[in-house]
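A short write-up of the structure that comes next.
The values are calculated or read from the model by the stated rules, or taken from the named source; none is laboratory data. Treat the numbers as computed from the prediction; the structure is a model and nothing was measured. Using ideal geometry, Cβ is built from the backbone for each residue, glycine included, and neighbour counts are taken over all protein chains shown.
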C-alpha cells in the first residue's frame with residue numbers, strides 16, 4: 001500500500017476515543033488522509049461506499065449497525081478497503097482475529113500496537129481476502145464483548161402528536177425517520193414525534209427486530225411485506241400496513257442478502 005495518498009475512514013461512537021485514535025494515527029502514519037470521521041455504523045457505511053477508502057477503522061460496537069455489519073456490507077460496497085476492527089473483545093474472541101483476514105486494535109489503543117498495525121497495512125499490496133473476511137465476521141458475530149453490556153431494548157415509547165402525548169408499544173412501530181434533532185415514529189395509525197435523535201434511539205432498539213436501511217430510516221422487519229432492488233443497486237421496501245415505500249440506500253442492501 002503506497003503512502004502517496006492513502007485514505008481512511010474512522011468509525012467510533014465515543015468522541016474522546018475517536019479523537020484519540022485520530023491523534024495517534026497522525027503520529028504513527030503522517031501520510032494517512034482521514035477523509036471521514038463517523039459516530040455510528042450507518043454514517044461509516046455511507047462514507048465507505050462514497051469514498052472507497054484504503055482503510056476503515058471500525059469500532060465493533062456502535063449504535064445501529066455494528067462494526068461487523070459495516071464490514072460485511074463493505075465487502076460489496078468497497079472490496080478494496082482494508083478493515084481494522086477497534087474492539088474491547090476479550091482474549092478468547094481475539095483468537096478469531098489472529099486467524100482472520102483483518103487487523104484489530106484492542107482498547108485502549110497503545111502506540112506500539114498501532115505502529116505494528118500500520119506497518120502491516122503499509123506492506124499489503126492486495127485487496128483483503130473476501131471469503132476469509134466473511135468467515136471471520138460470522139465467527140465474531142456469535143461472540144459478544146465481555147467489557148460491554150447492551151442496555152435492555154425499549155418496550156414503550158412516549159411521543160408527541162400535536163398537543164397529545166401518546167404511549168406507543170415498540171412492536172407497533174412500522175419505522176422511524178430522522179428529523180434533524182428529533183425522530184418521527186410511524187405506526188399503522190399515524191405519526192408522532194420523539195425528542196430523541198435517531199442515533200441515540202438506535203442503541204435502545206432490538207437489533208433482531210429493527211434494521212437501519214438508510215442513514216435516516218430504521219424499519220421494523222416484521223412490518224416489511226417485500227424488498228425489491230433496481231438496476232442501480234438501490235432497494236425499495238414495501239410495508240404491510242402503510243402505503244408509502246421506503247428507500248434502502250445501495251450499501252445497506254447487502255444487509256438483506258440472507259433475508
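Which of (1) surrounded by 14 or more Cβ atoms within 10 Å (Cβ to Cβ); (2) in the same structural domain as residue 60 (by TED's automatic domain parsing); (3) touching a residue at least 60 places away in the same chain (Cβ under 8 Å) is the odd one out, the single condition residue 124 does not satisfy?
(1)
Report, by residue number, each residue of segment 130-153 that is assigned to a loop (DSSP other than H, G, I, E, B) and either out of contact with any helix residue (DSSP H, G or I) (no Cβ under 9 Å at 6 or more places or on another chain) or at pLDDT 90 or above (or both).
The answer is 142, 147, 148, 149, 150, 151, 152.
Those residues that are surrounded by fewer than 20 Cβ atoms within 10 Å (Cβ to Cβ) and either over 22 Å from the mean Cα position of the chain (by Cα) or not assigned by TED's automatic domain parsing to the domain that holds residue 55 (or both), I need them from segment 8-44; list them, please.
The answer is 23, 24, 26, 27, 28, 30, 31.
In segment 22-75, what residues are in a strand (DSSP E or B) and under 24 Å from residue 108 (Cβ atoms)?
If the condition is that a residue be in a strand (DSSP E or B) and under 24 Å from residue 108 (Cβ atoms), then 34, 36, 37, 38, 55, 56, 57, 58, 59 are the ones that fit.
Hand me the list of strands (runs of 3 or more DSSP E) wholly inside segment 180-259 holding 3 or more residues that are surrounded by 15 or more Cβ atoms within 10 Å (Cβ to Cβ) and touching a strand residue (DSSP E or B) at 6+ places or on another chain (Cβ under 8 Å). Talk me through it step by step, then tell me what you get.
Details: elements: 182-187, 191-194, 210-214, 217-220, 224-229, 235-239, 245-248.
Here the list reads 182-187, 191-194, 210-214, 217-220, 235-239.
Could you say which residue among 15, 52 is without any contact (Cβ under 8 Å) to a residue 40 or more places away in the chain and on the phi > 0 side of the Ramachandran plot? Outline the logic, then answer.
Working: 15 fails: on the phi > 0 side of the Ramachandran plot.
Exactly one of 15, 52 is without any contact (Cβ under 8 Å) to a residue 40 or more places away in the chain and on the phi > 0 side of the Ramachandran plot, namely 52.
Residues 209, 187: which one is touching a helix residue (DSSP H, G or I) at 6+ places or on another chain (Cβ under 7 Å) and within 11 Å of residue 174 (Cβ to Cβ)?
Values: 209 fails: within 11 Å of residue 174 (Cβ to Cβ).
So the residue among 209, 187 that is touching a helix residue (DSSP H, G or I) at 6+ places or on another chain (Cβ under 7 Å) and within 11 Å of residue 174 (Cβ to Cβ) is 187.
Restricting the search to segment 57-72, which residues are over 9 Å from the mean Cα position of the chain (by Cα) and under 17 Å from residue 250 (Cβ atoms)?
72
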